[in-house]
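Below is one structure; the comments refer to it alone.
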Amino acid sequence: MTLALTRDLVAAADARGAAVGAFNVIHLETAEALARAAENAGLPVILQISQNCADYHGGLAPIASATLAVARASAAPIAVHLDHADREELVDEAIALGFGSVMFDGAALPYDLNVAATARVVAAAHAAGVSVEGELGEIGGKDGAHAPGVRTDPGEAQSFVAATGVDALAVAVGSSHAMTARTAQLDLDLIGRLKAALPVPLVLHGSSGVSDDVIGAAIAAGMAKINVSTHLNGYFSRAVRGVLDADPVLVDSRRYVREGRAAVAAEAERMLRLFAGEAVLAR
């Protein structure tokens, strides 16, 4: 299937009061699992490759090429997105490789510098037909920047969107990256005010630390793209650990990685259905 565009998937979900799942690729098996989840659910998915993931693989091109190939071969609508890039040259590379969207993360910059850098990225991306997600209000927990009290101001967000031309905005509403317990409490009133103030879809980062019920409430309040990474990584790791614990002399990595891939596919499918508004069992 032809690659889907992130902006189309997010807009379609937003229009029906739902959200689309955006799941981080760590390695080829993750991409395969996420494509399988979308196919089984009959729902679209966004495959995200972060700057950290690109650095882990020694560059963006190897993991991007594999992920794009998986997406193009899938029967499901799949978009490929660059996540949390703070290097403009990496954004340029993602655009050249064929990504449909990029996230420029200038949240650690002073407001004026964030606006200027994000606007440059938007100009380059839009010229290539690529959409841009920006971020305003630092989301805690990433790279040690734990700031649980930080919140995105609706007025400032409105000015930021107007000044930069971003197509979606990641906002700080109480979630935190890399949480392994699903205990984060979101400011649902703030999500509603941001939704009312902004002409672009809202993105929830740090969703691994948010329970099913609260994610559902956040979607009802206005979130249209839900990012998940750590939660699915836990499923992969626990499945692999279980196989190795059961067979300490096993050396064929395909036999245990296969189980990790299957575990991610099952949970990602469940989450896609949850975000789409289908009734699913909580995990």
> Expressed as a whole percent, how much of the Cα-Cα distance distribution for the range 188-237 exceeds 12 Å?
Replying inline: 63 percent
> In terms of the Cα gyration tensor, with a ≥ b ≥ c the square roots of its eigenvalues, is the chain rounded because a/c is under 1.5, prolate because a/b exceeds b/c, or oblate?
Replying inline: prolate
> Which of ASN233, ASN52, ASN114 moves most in a GNM of the chain, Cα contacts under 10 Å?
Replying inline: ASN52
> Put a dot 7 Å past each Cα toward the Cβ at ARG151 and ALA127; how far apart are the dots in nm?
Replying inline: 4.0 nm
>> Please report the net charge: other residues with Cβ closer than 15 Å to the Cβ of ASP252, K and R +1, D and E -1.
In response: +1
> Gain in length, ALA197 to ARG258, computed as 0.36 nm per residue apart minus the alpha-carbon separation, to one decimal in nm?
Replying inline: 17.5 nm
> Any idea what the relative contact order of the chain is, in percent, if you count C-alpha pairs under 8 Å spaced at least 6 apart?
Replying inline: 20 percent
> Dipole size in debye (nearest 20) for the chain around its Cα centre, Lys and Arg Cβ +1, Asp and Glu Cβ -1?
Replying inline: 680 debye
>> Test of understanding: in a Gaussian network model of the chain with alpha carbons linked when under 10 Å, which of SER101, SER208, SER237 would top the mean-square fluctuation ranking?
In response: SER237
> Highest GNM mean-square fluctuation, the chain, Cα pairs closer than 10 Å: which of SER50, SER159, SER74?
Replying inline: SER159
> For the chain, with the dipole built from +1 on Lys and Arg beta-carbon atoms and -1 on Asp and Glu ones, taken about the Cα centre, which of ALA239, GLY59, LEU113 lies farthest toward the positive end?
Replying inline: ALA239
> Got a sec to turn the phi values of the range 246-258 into Karplus ³J(HN,Hα) couplings, 6.51 cos²θ - 1.76 cosθ + 1.60 with θ = phi - 60°, whole Hz, x for Gly and Pro?
Replying inline: 6, 9, x, 9, 5, 10, 7, 5, 4, 6, 9, 5, 4
>> Starting from 0.36 nm per residue, how many nanometres of slack lie between ASP189 and TYR56 once their C-alpha separation is accounted for?
In response: 44.1 nm
> Taking the Cα atoms only, what angle lies between the long axis of helix 60-73 and the longest principal axis of the chain, rounded to 10 degrees?
Replying inline: 80 degrees
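None of the figures in this text is laboratory data; all of them are computed from the coordinates on show. The structure presented is a predicted model; accordingly, all values stated were derived computationally and were not measured. FYI the Cβ positions are ideal-geometry reconstructions off the backbone, even for glycines, and counts take in every protein chain you see.
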